[in-house]
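The values are calculated or read from the model by the stated rules, or taken from the named source; none is laboratory data. Everything numeric in this text was worked out from a predicted model, so none of it was measured. Here the Cβ is made from the backbone with ideal geometry for all residues, glycine too, and neighbour counts use every protein chain on show.
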Amino acid sequence: MTITRIPAEIEDQLERAAGVSRRTFLKSSGMLVVSLGAGALGGPLAAIAAAGPYPDPDFHQLDSWIVVHEDNTAAFFVGKTDLGQGTGTAFRQMMADELDIAYEMTSCIMGSTDRTVDQGGSGGSTAIERDAWPMRRIAAEARRVLLGMASPRLNAPIDQLTVKDAVISVQGDPSRRVTYGELIGGKRFNVTLTGANINATTGVAPVKRVQDLHIVGRSPQRYDIPAKVDGTLMWAVDVKLPGMVHARNVRPPAAGAKLVSIDESSVNRLPGFVKVVAKGNYAAIVCEREEQAIAAAKAIRVNWEKPSSAPFPASEDLYVFMRQATPTSAEPPAVTGDPDNAFAHAARVVTASYDFPFQGHTSIGPAHALADPSNGQMTVYSNDMKSYGMRNGIAEFLGMPRDAVRVVWMDGPQAFGRTAADDAGFEAAFLAKELGRPVRVQWTRQEETAWDVKGPAFAFDFRGALDGDGRLVALEYGARAADHNHLGYNEPDTVLIAQLLGRRRASPARGSAGLPSEMYAIPNRRSTSEVVSLPAIWESPLRTGQLRDPNGPQITFASESFIDELAAAAKADPVDFRLGLLQASTEDDTAFRRARSIAAIKAAAATYGWDARPSPHRQEAGAVARGRGIAYAFRKQTVVAEIAEVEVERATGRVRVKRLVCAHDCGLVINPEALRRTIECGMQYALSRALYEEVTFDSEKTTASDWISYPILRHRDAPEKIDVVFVNGDPNPNRPDLPHYGAGEAMTKPMVAAVANAIFDATGVRLRRVPFRADRVLAALKA
Amino acid sequence: MITLTVNGKRHTVDVDPATPLLYVLRNDLGLLGPRFGCGLGQCGACSVLIKGAAMRSCLIPCSAVKDEVTTLEGLARDGVLHPVQQAWIDEQVPQCGFCQNGQILTAKALLDKNPDPSDAEIRDGMSGAICRCMTYYRVQAAVRRAAALMAKRTRTGDVR
């Protein structure tokens with residue numbers, strides 16, 4: 001890979017500032033039907049201008065990351081995408097702080113492969129935890145370079161200079177001053193950075209100490225929100241190009257069905273008909289106008305041949321199938337102590353099994369992309385969270401040089417992993433190449449709900465041993481995930497169109513189940529983690545991939561429900577029982593994580609006003625039963641403890657969550673108000689998974705296909721009160737603060753268990769299968 | 001030829017009369033507020049205001065529209081955001097924001113009919129507007145804030 005240049009857009013910006021416009025905005029007057037509303041930097045209009053090729057911006061050039069303008073503003077170019085959690089605002093805060101420039105005088109440009117360095121886009125809650133570090137270091141380096149430039153100009157040594165809001169002045173003599181814009185506005189830094197890879201990229205300047213950060217820790221409003229509220233934001237769904245046509249996919253009626261023939265006469269006289277594209281089992285209809293493509297996709301007659309054997313069991317038979325299946329892969333059992341001996345001498349043994357269904361992303365906006373094959377290149381306008389990976393994947397998929405392909409990232413409906421394997425982008429590029437015209441692909445609601453990427457179903461089996469004092473002395477955990485052939489990130493041999501075209505990778509990804517992420521000190525443990533396969537793993541709507549906090553809600557539902565069952569068996573308060581398990585010592589060095597666990601659980605309990613007593617709650621047998629439940633988990637270095645308060649209608653089984661509490665410790669908080677909202681939303685998101693979400697299917701297709709058959713949380717289900725408390729309380733008083741960890745997913749982990757535990761507290765009935773829809777709860781109450 | 005009045009302007013478009021209003025607004029008139037979410041009238045992302053009600057533009061044939069259509073772009077007056085929009089910014093409601101067109105227009109229609117809704121009325125009145133990021137809690141706070149802001153503008157004679 002040759003990396004020699006800074007993004008063309010930045011070159012343009014610099015050259016325009018210098019009065020030399022090398023590049024012309026390619027036919028920009030005629031290129032766009034709708035005004036793109038582009039700013040000086042960052043709007044897609046500038047991206048459309050560049051005809052390619054599109055080599056990688058060089059992350060070792062400071063100029064690829066930061067541009068200072070003559071008006072003393074700065075633009076930050078980062079290789080990330082913001083999925084709606086405000087990471088762009090956080091990056092601006094962190095870089096502005098290191099550069100010593102007012103937040104308001106900065107902007108942030110994200111995620112387009114020819115304009116921003118490849119930081120991988122988004123995923124894994126790594127934005128703040130990992131990717132912000134090179135941004136901070138590079139901004140600090142820019143500040144160092146600017147001070148070096150100012151020193152001769154102000155005729156003062158660097159250590160006598162001070163910076164405030166991008167103005168450098170001599171200490172004690174503020175009349176001797178120079179602005180960043182005066183020093184370098186419109187000019188290149190020409191500074192080469194070092195570091196073995198993009199995450200290690202650095203200059204020589206150190207980052208600031210936490211105590212010296214002033215913009216970090218404040219809550220500027222998210223810069224992306226006004227345009228999302230006044231209707232001026234151009235989303236990836238909004239881009240229109242001259243000559244653009246509209247495509248709709250034609251999906252198989254059953255998993256693994258073979259496309260035998262298409263009766264083109266069923267559509268070729270319809271208005272606006274352009275083409276039917278069919279190859280392997282992939283088919284699409286293309287029309288001039290969108291409503292024409294929709295009508296044609298309904299009218300088209302296709303002869304499909306269903307497979308001779310069922311691709312999967314029906315959803316009601318899933319867990320029996322999973323428990324009987326021979327695993328396709330298994331982790332070696334993780335054993336500590338002597339669990340067999342501990343169980344043999346236990347005062348009491350508790351067993352329980354839990355089931356967690358396939359759940360979908362069911363994005364509010366179905367998959368979409370626009371691909372433009374102009375100039376022998378391929379430009380894809382997409383909301384792909386991993387735009388860089390899509391660029392690589394499409395280049396390989398189409399057999400095009402990487403430099404001929406770019407992905408222009410634009411805002412889109414929430415991704416949460418869905419666009420890590422972005423089918424529509426590959427389909428649009430495929431069709432654009434076939435037609436030689438810009439093609440916009442838009443999935444339907446039914447298609448998205450049925451065929452999007454699923455979080456794997458799980459079956460769990462537990463055994464726990466209590467001693468005579470009610471202490472947990474042994475725990476057996478067994479997890480099975482239906483996750484064989486787990487999708488990768490925008491792989492040209494696993495995205496749906498590749499599967500339907502018959503591409504097969506040599507060996508399917510083995511998938512994973514995983515282990516609980518609590519820090520309980522239990523002297524004897526045996527944990528097994530296995531993956532099972534459904535009969536069909538290709539061309540299936542039950543293909544699994546990344547769903548927000550992959551496997552976390554499933555595993556934590558089971559593990560934190562079982563801890564609650566053990567607490568109840570020991571007649572112990574659920575909070576006290578957990579704290580007891582965290583205060584015990586073990587040989588491994590986990591004291592710090594235990595201390596943070598204790599702090600989070602105590603903070604949640606204090607915020608809620610938790611009264612210590614065993615579950616279930618003794619109460620009058622009225623129409624409504626009330627209870628509260630707690631659960632906690634780590635996600636990497638972030639720890640959360642959550643409490644749910646529920647009301648259960650005894651006559652209907654309806655569960656209403658009245659109140660949620662989250663104690664959250666993700667280390668240094670960049671933007672407290674933005675984080676608070678992300679946590680609130682993430683908790684409600686997990687609540688939706690707890691109460692409603694299940695992909696149902698018969699033995700050949702998913703039967704969940706819209707918002708009726710795949711219900712989710714609605715306004716009337718929202719909690720009346722949500723308390724979010726930031727713990728970030730390092731128990732070590734000698735340490736100023738923790739680093740900034742990730743916060744995009746951790747809050748989803750404990751919620752399902754907290755709700756299950758609250759329902760048990762309210763009713764004495766343990767729900768061991770997700771979701772807790774009213775009919776299931778009612779059946780459990782009557783059992 | 002279909003004639004539509006949208007955000008105070010008359011437009012004539014040459015489309016199949018059965019074309020859902022959504023596609024005319026987006027593809028012929030270049031509006032960005034209403035978005036495709038389901039095409040089934042289930043989610044609210046495509047909402048527009050017609051005669052004060054939040055309607056699902058994905059289901060309405062454009063030829064059936066006789067009254068003025070107001071989209072998200074049409075809420076602001078003289079460059080000043082509608083109180084609902086201002087409340088949305090003050091409350092920092094959106095995550096991804098894709099559904100917020102429907103949330104905002106549903107809230108406006110609700111408040112126009114019921115300027116001082118109870119919490120229960122807000123929850124029921126908003127329940128047709130689905131949000132997959134689950135911004136519901138903040139949306140409801142923003143509706144309360146917007147109600148207060150609208151009452152204040154009424155008291156002070158600010159008719160925007």
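For region A:408-451, name all the residues that are over 18 Å from A:Gly123 (Cβ atoms) and within 11 Å of chain B (Cβ to nearest Cβ).
Listed by number, the residues that qualify are A:Arg440, A:Gln442, A:Trp443, A:Thr444, A:Arg445, A:Gln446, A:Glu447, A:Glu448, A:Thr449.
I need the full set of residues from region B:8-31 which are in a loop (DSSP other than H, G, I, E, B) and at the interface with chain A (Cβ under 9 Å from one of its Cβ atoms), in order please.
If the condition is that a residue be in a loop (DSSP other than H, G, I, E, B) and at the interface with chain A (Cβ under 9 Å from one of its Cβ atoms), then B:Val15, B:Asp16, B:Ala18, B:Thr19, B:Gly30, B:Leu31 are the ones that fit.
A quick yes/no check of all residues on (1) closer than 19 Å to A:Thr351 by Cα; (2) surrounded by fewer than 20 Cβ atoms within 10 Å (Cβ to Cβ); (3) aliphatic (A, V, I, L, M); (4) within 27 Å of the chain's Cα centre (by Cα):
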position: A:Pro553; (1), (2), (3), (4): no, no, no, yes
position: A:Glu560; (1), (2), (3), (4): yes, no, no, yes
position: A:Ala604; (1), (2), (3), (4): no, no, yes, yes
position: A:Ser615; (1), (2), (3), (4): yes, no, no, no
position: A:Ala625; (1), (2), (3), (4): no, no, yes, no
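Go through region A:147-166 and count every residue that is outside any loop (DSSP other than H, G, I, E, B) and either of a type in the set (Ser, Thr, Tyr) or without any contact (Cβ under 8 Å) to a residue 60 or more places away in the chain (or both).
Final tally of qualifying residues: 13.
Would region A:750-767 turn up any residue that is more than 27 Å from A:Lys571 (Cα to Cα) and either touching a residue at least 12 places away in the same chain (Cβ under 8 Å) or among the hydrophobic types (A, V, I, L, M, F, W, C) (or both)?
no
Just to be sure, is A:Gly186 modelled with pLDDT under 95, outside any strand (DSSP E or B) and either within 29 Å of the chain's Cα centre (by Cα) or not polar (S, T, N, Q) (or both)?
yes
So which residues in region A:94-133 are among the β-branched types (Val, Ile, Thr) and outside any loop (DSSP other than H, G, I, E, B)?
A:Thr106, A:Ile109, A:Ile128
Residues of region A:525-536 being surrounded by fewer than 22 Cβ atoms within 10 Å (Cβ to Cβ) and over 15 Å from A:Gly478 (Cβ atoms), which ones?
A:Ser533, A:Pro535, A:Ala536
With (1) touching a residue at least 60 places away in the same chain (Cβ under 8 Å); (2) within 12 Å of another protein chain (Cβ to nearest Cβ); (3) surrounded by 24 or more Cβ atoms within 10 Å (Cβ to Cβ) as the list, and B:Leu72 as the residue in question, which single condition is left unmet?
Unmet for B:Leu72, out of (1) touching a residue at least 60 places away in the same chain (Cβ under 8 Å); (2) within 12 Å of another protein chain (Cβ to nearest Cβ); (3) surrounded by 24 or more Cβ atoms within 10 Å (Cβ to Cβ): (1).
Name the pairs whose Cβ atoms lie under 8 Å apart, with the first residue in region A:203-218 and farther than 22 Å from A:Thr89 by Cβ, the second basic (Lys, Arg) and part of a helix (DSSP H, G or I), and 6 or more positions between them or separate chains?
A:Gly203/A:Arg137; A:Gly203/A:Arg144; A:Val204/A:Arg144; A:Ala205/A:Arg137; A:Ala205/A:Arg143; A:Ala205/A:Arg144
Can you tell which of A:Gly425, A:Gly478, A:Gly470 is in a loop (DSSP other than H, G, I, E, B) and either touching a strand residue (DSSP E or B) at 6+ places or on another chain (Cβ under 7 Å) or over 20 Å from A:Ala686 (Cα atoms) (or both)?
Only one candidate passes the filter, namely A:Gly470.
When you check A:Ala278 against the structure, is it in the same structural domain as A:Ala429 (by TED's automatic domain parsing), touching a helix residue (DSSP H, G or I) at 6+ places or on another chain (Cβ under 7 Å) and small (Gly, Ala, Ser), yes or no?
Taking the combined requirement at face value, the residue does not satisfy it.
Which one is farthest from A:Ala536 (Cα to Cα) among residues in region A:280-315 that are part of a loop (DSSP other than H, G, I, E, B) and of a type in the set (Lys, Arg)?
A:Arg289
Looking at (1) assigned to a helix (DSSP H, G or I); (2) within 30 Å of A:Lys164 (Cβ to Cβ), which one does A:Arg218 not meet, given that it meets all the others?
Just one mismatch for A:Arg218, condition (1).
Could you give me the residue pairs with C-beta distances under 8 Å whose first residue belongs to region B:86-98 and is more than 20 Å from B:Arg153 (Cβ to Cβ) and in contact (Cβ under 8 Å) with a residue 24 or more places away in the chain, whose second residue is in a helix (DSSP H, G or I) and aliphatic (A, V, I, L, M) wherever it lies, and which are 6+ apart or on separate chains?
B:Gln92/A:Ile225; B:Gln92/A:Ala674; B:Pro94/A:Ile225; B:Pro94/A:Val229
Tell me yes or no: at least one residue of region A:370-379 is of a type in the set (Gly, Ala, Ser), within 14 Å of chain B (Cβ to nearest Cβ) and out of contact with any Gly (no Cβ under 6 Å at 6 or more places or on another chain).
no
Does B:Ala120 meet the test of being assigned to a helix (DSSP H, G or I), surrounded by 24 or more Cβ atoms within 10 Å (Cβ to Cβ) and more than 7 Å from chain A (Cβ to nearest Cβ)?
no
From the list B:Val80, B:Val84, B:Val93, which residue is under 24 Å from A:Ala674 (Cβ atoms), more than 8 Å from chain A (Cβ to nearest Cβ) and among the β-branched types (Val, Ile, Thr)?
B:Val84
Among the residues in region B:46-63, are any at the interface with another protein chain (Cβ under 7 Å from one of its Cβ atoms) and either crowded, with 19+ Cβ neighbours inside 10 Å or in a loop (DSSP other than H, G, I, E, B) (or both)?
Within region B:46-63 (the criterion being at the interface with another protein chain (Cβ under 7 Å from one of its Cβ atoms) and either crowded, with 19+ Cβ neighbours inside 10 Å or in a loop (DSSP other than H, G, I, E, B) (or both)), the answer is no, since none of the residues qualifies.
How many residues are part of a loop (DSSP other than H, G, I, E, B) and surrounded by fewer than 24 Cβ atoms within 10 Å (Cβ to Cβ) if we restrict to region A:60-93?
Residues meeting the conditions: 6.
Out of curiosity, is A:Gly425 closer than 23 Å to A:Leu501 by Cα and either in the same structural domain as A:Gly86 (by TED's automatic domain parsing) or surrounded by fewer than 24 Cβ atoms within 10 Å (Cβ to Cβ) (or both)?
no
Given the condition among the polar types (S, T, N, Q) and under 29 Å from the mean Cα position of the chain (by Cα), answer yes or no: does some residue in region A:246-255 qualify?
yes
Does region A:670-690 contain at least one residue that is part of a strand (DSSP E or B) and within 20 Å of the chain's Cα centre (by Cα)?
no
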